[in-house]
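Each value in this text was obtained by applying a stated rule to the coordinates, not by laboratory testing. The shown structure was predicted, so the numbers you read here are calculated from the model rather than taken from an experiment. Please note: Cβ atoms are built from the backbone with ideal geometry, for glycine as well, and neighbour counts cover all protein chains shown.
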Amino acid sequence: MRSVRIPADRVGTIIGTKGETKRVLMRTAGITIEVDTEGEVLIHDDKAKDPLKALQLMDVIRAIGRGFSPERAMRLFQDDEYFEIIDLKEFVSGRNNQLSRIRGRVIGQGGKTRAIIEDLTGISMSIYGNTIALIGSSAGLPVAKHAIELLLNGSEHSTVYRYLEGQRPMLRIAEMGFDI
């Protein structure tokens with residue numbers, strides 16, 4: 001049995017209307033889960049036919065806990081889809097008053113920067129609390145993470161956009177299924 005902790009305000013999203021989301025997660029993974037109101041999710045993977053599904057389910061639950069919709073989070077059940085969390089506190093060195101500023105740098109005016117990163121890399125991004133969560137392929141995820149880290153470290157937006165544009169050919173090749 002495994003356990004995953006999520007924020008209490010995301011428990012309703014895991015359960016869904018009349019328990020529908022929870023049922024879909026259990027059916028997809030073939031594993032029983034229990035959710036309590038405090039945010040503790042128990043995964044009963046003792047009788048799991050596929051141990052990989054238990055790990056994927058943990059990532060799906062973490063992703064929902066970090067602000068993704070269940071539909072977007074279920075992308076993690078596919079092969080070559082990965083989940084990563086960037087802790088914003090690592091980039092403000094104790095100055096918590098800077099958190100909203102660096103969150104704003106990643107989002108951009110009217111969500112422009114976030115949309116560009118998502119479109120050019122094929123990843124999904126969720127900015128929730130003091131974290132940025134990413135779901136993406138093995139090719140797009142490191143590119144998106146590097147672009148976000150550039151922004152968080154103070155690089156100009158134009159520099160990040162140029163970096164992303166420079167990575168497009170490599171990402172297109174990866175989309176076609178060729179190894180890079």
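Tallying residues that are touching a residue at least 60 places away in the same chain (Cβ under 8 Å), within 13 Å of ILE116 (Cα to Cα) and either part of a loop (DSSP other than H, G, I, E, B) or of a type outside the set (Val, Ile, Thr) (or both) within the stretch 146-168 yields 0. Within the set ILE127, ILE102, the sole residue that is in contact (Cβ under 8 Å) with a residue 40 or more places away in the chain and closer than 28 Å to LEU57 by Cβ turns out to be ILE127. Inside the stretch 116-130, can you point out the residues that are among the aliphatic types (A, V, I, L, M) and part of a strand (DSSP E or B)? MET125, ILE127 - these are the residues of the stretch 116-130 that are among the aliphatic types (A, V, I, L, M) and part of a strand (DSSP E or B).
Screening the candidates GLU84, GLU149 for the property of being charged (D, E, K, R) and out of contact with any Leu (no Cβ under 9 Å at 6 or more places or on another chain) yields one hit, GLU149. Among the conditions (1) over 23 Å from ARG172 (Cβ atoms); (2) in contact with a Pro (Cβ under 9 Å, 6 or more places away or on another chain), the only one that GLU71 does not satisfy is (2). Taken over the stretch 125-138, the criterion of being surrounded by fewer than 20 Cβ atoms within 10 Å (Cβ to Cβ) and within 17 Å of ASP80 (Cα to Cα) is satisfied by SER138 alone.
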